[in-house]
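Structure record follows, encoded as structure tokens.
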Amino acid sequence: MSRLLAVGLLAIGLALLLSQLLRLRYPPDPYAHAPCAIPVHYALGEVDPRFGFDAFLVDAALAEAAQLWQAESSAPLFIESSQPRAMQVNLWFDERQQGAVQRQSLRGQLDLAQRDLDDAQADLEAWNGRIELARESRERRAAELTARLAQHEAAVAAWNADPGARSEARQRALEGEGAMLRAELAELERMTAALNDDVAAYNRRVEDARQRAAEMRAQVQEYNASSAPDPVESGRYSYDPAQGRRIDVFRAASFDALVWVLAHEFGHALGLGHVEQPGAVMHALLHEGGELQPGRRGPVALAAADRAALADVCGDRLVAGASPE
């Protein structure tokens, strides 16, 4: 039994030695895909100008995407390289990006229309406040003038009822008071007409705002209908022995969206799969209809699920100086 055990241990030792010798004689291809085959060498390939990004912006997005992962490792994970077999990163323009551009344009129009409506609503509220103040002022003035007219009419009636109390001075005073009241009544009528004109103009503006709001609702429906019924592939990581590694980006309507896509595909290049945590870089649905979900900007750090997946795939290799398994 002990002899068999010794033979078995010798065979295992020989196999390990042979494995080490083969590694030395035929080292693994550093540009081939393997889980956590770090550092991953990458290079910028084709960038279709219709994306609206120049090489400088794409390089910046690549650096931000790589740094998200590098922040979790003291060992280098990604290296920008001029090696011919480095992982090529390409931006290909097709109907996916065209749809994203159209949606972005429509979204911009909607945002502008919403700001205009908000401004119009604020103006209408201020206008309505001015109308209410003018109406209150007109009502106070009308009430005061009505009371003074009643007093004047009472004074004229008393004048007419008592001929003995009449005097030339009293007559002139009543006539002057009457003329002044008629002038104030004419001014009140002009004030009322101006107020009515202002109310009519205000109502026209309200109706215009309602029509614009209805048009915007129709545009929102069009925008929502333009969203793809199924998730649209924004990027893809792939490898084959002939072409090597590559990342192809098909959809990125903004710089932030490009960073998301690149960070996600970098994760696949490290050997990570998708995670279930919403909002994680490696979640399967980074985008809805090819654009960032409302309220989201470029990623600033990996999510807990991203970090756990990275640690599960790379383990001790994330520590600088660790030997590959």
Order 319, 156, 259, most accessible first, counting only protein heavy atoms with a 1.4 angstrom probe.
319, 156, 259
How much FRET efficiency would the formula 1/(1 + (r/R0)^6) give for residue 203 and residue 171, where r is the Cβ-Cβ distance and R0 is 45 Å, rounded to 0.05?
0.40
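Equivalent-ellipsoid semi-axes (√(5λ), Cα gyration tensor) for the stretch 119-266, whole Å, largest first?
Values: eigenvalues 1295, 33, 16 Å².
The three semi-axes for the stretch 119-266 are 80, 13, 9 Å.
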7 Å from Cα along Cα→Cβ at both residue 141 and residue 216: what's the point-to-point distance in nm?
3.6 nm
Separation of alpha-carbon centers, the stretch 127-155 and the stretch 39-68, rounded to whole Å
72 Å
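The values are calculated or read from the model by the stated rules, or taken from the named source; none is laboratory data. In this text, all values refer to a predicted model and were calculated from it rather than measured experimentally. We place every Cβ from the backbone using ideal geometry, glycine too, and count neighbours over all the protein chains shown. Accessible surface areas use protein heavy atoms only, side chains included; no ligands, DNA or RNA. Shrake-Rupley method; radii C 1.70, N 1.55, O 1.52, S 1.80 Å.
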